[in-house]
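Participant: So that we are looking at the same thing, I have put the structure below in structure tokens.
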Amino acid sequence: MTEHGCDILVVGGGLGGVAAALGALRAGRTVLLTEEHDWLGGQLTSQAVPPDEHSWVERFGVTASYRALRDGIRAYYRRHYPLTEAARAHPELNPGGGHVSRLCHEPRVAVAVIEAMLAPYRGSGQLRVLQPYRPVAADTDGDRVTAVTVAHRDGGGEITLTAPYVLDATETGELLPLTGTEYVTGFESRADTGEPSAPDVADPTNMQAVSVCFAIDHVDGDHTVDRPARYGFWRDYQPPFWGDRMLSWRSPNPRTLQIGQRSFTPNPEDDPLTVVADQRLSPGDGNLWTFRRIAARRMFRPGAYASDICLVNWPMIDYFESPVIDVPDPAHHLAAARELSRSVLYWLQTEAPRPDGGTGFPGLRLRGDVTGGTDGLAQAPYIRESRRIRSEYTVVEQDLSLAVRGDKGAVRYPDPVGVGMYRIDLHPSTGGDNYVDVAACPFEIPLGALLPQRMRNLLPAGKNIGTTHITNGAYRLHPVEWNVGEVAGALAAYCLDRRVEPHAVRADTDLLADFSARLDAAGVERRWPDVTGY
């Protein structure tokens, strides 16, 4: 079956894909959006990761549509949830009172808000969503993509899709190998990039860990899950740089690499309204329970929630035994990552040291209803690092490193199409590397990083832009992925309107100024005010 009639095909319905669709739809274009999981929203929803955001997010530094998503999440809680009056009145409501973000929330709420943002376009027929479908093949003619074939996840057949512009918003850059688009993976060498933190020799197989998150609460009773088959292996597993077994409360501090002790106190007697999540002050991971808490029981009327709900995205669930990209059997390693997460849960319930000297928290209850996964875990793995296009411009460490740039701030590009801020944060990798954590300056997103060197009608719309292994660590977070997707969708629409190609927009001063004005009008911030990184 062949589908026709859309201007822009967006493959992948994560944050970048949703934003890409909205960027094109607002410009009046018809869009076909595909997604392989049950929920749109990617790392915010199906991967169940609360948003990692910069310290100024409540005032500036994100696009207007990303702010609308955040505002919509808060409005949904105020409209539908039994909040206390104090929580309802709080202008910066953080439903989970989590320390990782100023807006920690349940994934399903983000799903509802995303669906509401897309609903008018679905109703009018301007947007069609194919779900759950994943890309399996592509046709090309020289340097153009002519068709993409998607298959139903559960075996319901294949559909071939065509459009003048194709946007790859998949989590791992799935369209790049399918279309023959030139790309890189893993660690580049210092000789290639000049980056201070790069190794002497490139290693395309050295990629950041993936993680399968899950949600838990703590209530009366014994909720211990069945012992995983490989639990013994993971219980005794000790990476050489970890300082202890991986299943322990001890692990390296990402910023100093010193071995530190974390605490775990289910349902602490804290006041979640007093939590100030600010990565400048602290990463917030001292108490793992409150670190990524997504529902704080004291935010709600007494009795509404029997327990807080805690989202487990902790160091001990990082799977770095193998990449899951460009390996012979990625499904095997994704299954192993899920087995690791189940083993962590079983350890928490049975063997984890308690402050009172005992072991195990049998009252921990897996909340698969919160994450929507069929096995109780998140629907999808959290993919930190994608395939990355070989681009017209590649963002390198020395563009944004605070140590390199100092008070000059990040490089100001001639073609900025957005902004972002996050420390260069690399989790342990499949090459045996420890954390790499580098302070960063608030940075810009250059249009050149969204342009493949050769392909003319394929655009990246997520973590597959022209960054390096190192700078991906700063560009991979929620608001930046959204910004990249939104710009990719807007760029495809602009090129259709003006009958030009994306590369011409960057190369022509007048076209670049005109496109930039469109972004400005849409509320895409392209330059930072005078702020200092961390």
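The values are calculated or read from the model by the stated rules, or taken from the named source; none is laboratory data. Remember, it's a predicted structure, so these values are computed and weren't measured experimentally. Heads up, the Cβs are rebuilt from the backbone with ideal geometry, glycines too, and the neighbour counts pull from every protein chain shown. Just the protein is used for accessible areas: all its heavy atoms, side chains included, with ligands, DNA and RNA removed. Shrake-Rupley method; radii C 1.70, N 1.55, O 1.52, S 1.80 Å.
Participant: Could you check, for the stretch 468-490, whether at least one of its residues is open to solvent by 10 Å² or more (accessible area, probe 1.4 Å), farther than 19 Å from Tyr413 by Cβ and touching a strand residue (DSSP E or B) at 6+ places or on another chain (Cβ under 8 Å)?
Facilitator: No, the stretch 468-490 contains no residue that is open to solvent by 10 Å² or more (accessible area, probe 1.4 Å), farther than 19 Å from Tyr413 by Cβ and touching a strand residue (DSSP E or B) at 6+ places or on another chain (Cβ under 8 Å).
Participant: Right, next: Here's a check for you: in the stretch 241-277, which residue that is of a type in the set (Ser, Thr, Tyr) and assigned to a strand (DSSP E or B) is nearest to His99 (Cα to Cα)?
Facilitator: The initial filter retains those residues of the stretch 241-277 that are of a type in the set (Ser, Thr, Tyr), namely 248, 251, 256, 263, 265, 274.
Okay, now just the ones that are also assigned to a strand (DSSP E or B), so 251, 263.
Details: Ser251: 19, Ser263: 14 Å.
Ranking the qualifying residues of the stretch 241-277, first place goes to Ser263.
Participant: Another question about this same structure. Could you look through the stretch 140-157, keep only residues that are in contact (Cβ under 8 Å) with a residue 24 or more places away in the chain and open to solvent by 20 Å² or more (accessible area, probe 1.4 Å), and pick out the one that is farthest from Glu36 (Cα to Cα)?
Facilitator: So, considering only residues that are in contact (Cβ under 8 Å) with a residue 24 or more places away in the chain and open to solvent by 20 Å² or more (accessible area, probe 1.4 Å), the one farthest from Glu36 (Cα to Cα) is Asp143.
Participant: Here's a check for you: in the stretch 158-172, which residue that is under 24 Å from the mean Cα position of the chain (by Cα) and β-branched (Val, Ile, Thr) is surrounded by the most Cβ atoms within 10 Å (Cβ to Cβ)?
Facilitator: Thr170
Participant: Looking at Asp369, Asp375, which one is over 30 Å from Glu182 (Cβ atoms), touching a helix residue (DSSP H, G or I) at 6+ places or on another chain (Cβ under 8 Å) and open to solvent by 40 Å² or more (accessible area, probe 1.4 Å)? Spell out the reasoning first.
Facilitator: Working: Asp369 fails: touching a helix residue (DSSP H, G or I) at 6+ places or on another chain (Cβ under 8 Å).
Result of the check over Asp369, Asp375: Asp375.
Participant: For the stretch 339-360: of the residues being touching a residue at least 40 places away in the same chain (Cβ under 8 Å) and polar (S, T, N, Q), which is surrounded by the fewest Cβ atoms within 10 Å (Cβ to Cβ)?
Facilitator: Among those residues, the one meeting the criterion is Thr350.
Participant: Right, here's the next one. Report, ordered by the first and then the second residue, all pairs with beta carbons closer than 6 Å, sequence separation of six or more or different chains, a first member in the stretch 103-120 that is over 21 Å from Leu377 (Cα atoms), and a second member that is of a type in the set (D, E, K, R) and modelled with pLDDT of 95 or more.
Facilitator: Taking only residues 6 or more apart or on different chains, the pairs are Leu103/Arg70.
Participant: Still on this structure, please answer the following. Mind checking which residues of the stretch 285-294 are assigned to a loop (DSSP other than H, G, I, E, B) and surrounded by 21 or more Cβ atoms within 10 Å (Cβ to Cβ)?
Facilitator: Step one: filter the stretch 285-294 for residues assigned to a loop (DSSP other than H, G, I, E, B), giving 285-286, 292.
Of everything in the stretch 285-294, just one residue is assigned to a loop (DSSP other than H, G, I, E, B) and surrounded by 21 or more Cβ atoms within 10 Å (Cβ to Cβ), namely Arg292.
Participant: Quick one: count up the residues across the stretch 315-338 that are more than 16 Å from Tyr237 (Cα to Cα), buried (at least 20 other Cβ atoms within 10 Å of the Cβ) and of a type in the set (Val, Ile, Thr).
Facilitator: Qualifying residue count, the stretch 315-338: 2.
Participant: Any residue that is under 20 Å from Val419 (Cβ atoms) and either in contact with a Phe, Trp or Tyr (Cβ under 9 Å, 6 or more places away or on another chain) or at pLDDT below 95 (or both) - is there at least one of those in the stretch 30-43? Give the steps one after another, and end with the answer.
Facilitator: At the first step, the residues of the stretch 30-43 found to be under 20 Å from Val419 (Cβ atoms) are 43.
After this cut, where a residue has to be either in contact with a Phe, Trp or Tyr (Cβ under 9 Å, 6 or more places away or on another chain) or at pLDDT below 95 (or both) as well, the list is 43.
Within the stretch 30-43 (the criterion being under 20 Å from Val419 (Cβ atoms) and either in contact with a Phe, Trp or Tyr (Cβ under 9 Å, 6 or more places away or on another chain) or at pLDDT below 95 (or both)), the answer is yes, since at least one residue qualifies.
Participant: For a quick check of your reading of the model, give me the residue pairs whose first member lies in the stretch 213-224 and is on the phi > 0 side of the Ramachandran plot, whose second is open to solvent by 60 Å² or more (accessible area, probe 1.4 Å), with beta-carbon atoms closer than 9 Å and at least 6 apart or on different chains.
Facilitator: Matching pairs, first to second residue: Gly221/Arg365.
Participant: Testing Ser65 on (1) touching a helix residue (DSSP H, G or I) at 6+ places or on another chain (Cβ under 7 Å); (2) in a loop (DSSP other than H, G, I, E, B), one condition comes back false. Which one is that?
Facilitator: (2)
Participant: Which residue out of Glu195, Glu182 is surrounded by 15 or more Cβ atoms within 10 Å (Cβ to Cβ), farther than 30 Å from Tyr346 by Cβ and among the charged types (D, E, K, R)? Outline the logic, then answer.
Facilitator: Values: Glu182 fails: surrounded by 15 or more Cβ atoms within 10 Å (Cβ to Cβ).
Among Glu195, Glu182, only Glu195 is surrounded by 15 or more Cβ atoms within 10 Å (Cβ to Cβ), farther than 30 Å from Tyr346 by Cβ and among the charged types (D, E, K, R).
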